[in-house]
Amino acid sequence: MTVTAVRSKVILTPQLEVCGGRQLSGELTVSGAKNSALVLMAACLLSRDTIRLRNVPPLTDITAMGEMLSSLGARVVRLGDVLELTGDRINSSAAPYELVNSLRASFFCIGPLLARMGMARVPLPGGCQIGTRPVVEHVKGLKAMGARVTIEHGVVNAVVPGRSHRLKGGRIHLDCPSVGATETLMMAAVLADGETVIDNAAQEPEVVDLAGLLIAMGARVRGAGTPTITVVGVERLHGADYAVIPDRIEAGTFLLAAAITRSALRITPVIPEHLGAVITKLEEAGCRIEHDGIGVTIEAKQIDAVDLRTQPFPGFPTDLQAPFMSLLATARGTSVITENIFENRLQHVAELQRMGAAIRMQGNTAFVEGVARLSGAPVQGTDLRASAAMVLAGLAADGITTVRGLEYLDRGYAFLEDKLNAVGAQISRINAA
Ligand code: EPZ
């Protein structure tokens, strides 16, 4: 690539320019949960009626899921933060490669497609920046429910043998509490013949939200939010009108924005039980946090080092490991952060080091020695949450930080810079796509 081409590529890359050192004040509004809305959308394949989802965040991932469902014959209509999805004309059980490859969550459709159509052809979602993202548990569970599953040329082919093409209830023990596998198998089980028990199920709030929608559609689901979920299959499901829970990861990101700028903010709506581990760690680090029934207020003055180990819910969430590391890079003392969920979710360490963070790596553990001030620099977001972590670091750094990787950021945060600027940040989006 010639120098000119390199220069133009750098100059034209969309990026956020973050001016550091400003205190924040006021109130931040949390949007609907991306990781709930995506799977709730897939549930539309289970009914011929319309499901109406409210509080749906305006994110590129949501748009991509809508395109994926439309390619299968669903009708998807967006009215502000309301999505109306109607599955009366599902005419395909083959999800297109280019749509699944761009959005891992679309693999969830294999469960409802099998339940509805008795067959499904879904490309393997493939890996991403943070790990190989296998779907072994999803496939194992579908087989336990009577599906014949083969994987050829990167495509998962599943079919339910027999005249009825109806899955049958089964007992499934997940080797790991996979969120996606739990959600996929719940959706497969709601129309199956008989009872399905999922042991070692994921307990994330998004799993509980899916159970809430399925029950509103007439499904018989109990135990969501515990390690054992029981589903008794029914003949058909009807439509529903359902509100998506607030995004706990966005809320946690906002709490960290207050902490890293040593500010006081109110963040709403927040369901405290969804953020228990995060709030506990922030209080351990010296923040004062109060819940007022709808939102939380946070006040941060001095931040002390704390140790973090990411775990499945209700443990500390892997999605907030990178944003929390940005905070701890400015804390008093040395923090030990261990990433236990994904095998490659520490790439933001190198970017924080470019900003003067003192971090030493040992396997999946980062030893973060807090420094008085980070210094603004051009940095690259390497995945959705790492991009958010770089914006947070920029808020606290001396000078200007330019953050590239907005193609990741915009997948999970709606209007992040607008929301932060409304409470005193100074962030501008340049070379917007
Ligand atoms: C969901 O991904 C979320 N995505 C992720 O959020 C989140 O980080 C993750 O759960 C963990 O909480 C959505 O909900 C769309 P997993 P998912 O299956 O379902 C291993 C974000 O930033 N595993 O619970 O793909 C896997 O390799 C995204 O919003 C197996 O080993 O996560 C990983 O190490 C990133 N075998 C761990 O489990 C399997 O068959 C957790 O994966 C399946 C998973």
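The values are calculated or read from the model by the stated rules, or taken from the named source; none is laboratory data. Quantities reported herein were computed from a predicted structural model and do not represent experimental measurements. Virtual Cβ from ideal backbone geometry, glycine too; neighbours counted across all protein chains shown.
Okay, here's what the table says:
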{"item": "Long-range neighbours under 6 Å by Cβ, at least six apart or interchain, first residue over 19 Å from R411 (Cβ atoms) within segment 21-41, second in a strand (DSSP E or B) and of a type in the set (K, R)", "result": "E27/R266"}
{"item": "Leading residue by the ranking (nearest to G20 (Cα to Cα)) among those in segment 373-386 that are touching a helix residue (DSSP H, G or I) at 6+ places or on another chain (Cβ under 7 Å) and away from the ligand (no atom under 15 Å from the Cβ)", "result": "G376"}
{"item": "Residues (in contact with a Gly (Cβ under 8 Å, 6 or more places away or on another chain) and either buried (at least 20 other Cβ atoms within 10 Å of the Cβ) or in a strand (DSSP E or B) (or both)) located in segment 225-234", "result": "I229, T230, V231, V232, G233"}
{"item": "Residue selected from segment 374-423 under the condition assigned to a helix (DSSP H, G or I) and hydroxyl-bearing (S, T, Y), by the criterion farthest from L352 (Cα to Cα)", "result": "Y408"}
{"item": "Qualifying position, being modelled with pLDDT of 95 or more, assigned by TED's automatic domain parsing to the domain that holds M41 and touching a Cys at 6+ places or on another chain (Cβ under 9 Å), among A120, A147", "result": "A120"}
{"item": "Residue satisfying all of: in segment 297-351; away from the ligand (no atom under 12 Å from the Cβ), part of a loop (DSSP other than H, G, I, E, B) and within 13 Å of L256 (Cβ to Cβ); modelled with the lowest pLDDT among these", "result": "A300"}
{"item": "Residues (away from the ligand (no atom under 16 Å from the Cβ) and closer than 22 Å to A329 by Cα) located in segment 387-416", "result": "A393, G394, L395, A396, A397, D398, G399, I400, T401, T402, V403, R404"}
{"item": "Residue match in segment 58-73 (condition: of a type outside the set (G, A, S) and more than 22 Å from the chain's Cα centre (by Cα))", "result": "yes"}
{"item": "A201 closer than 17 Å to A144 by Cβ and not in a strand (DSSP E or B)", "result": "yes"}
{"item": "Neighbours by Cβ (under 6 Å, 6+ apart or cross-chain): first from segment 252-278, over 15 Å from L416 (Cα atoms); second part of a helix (DSSP H, G or I) and acidic (D, E)", "result": "none"}
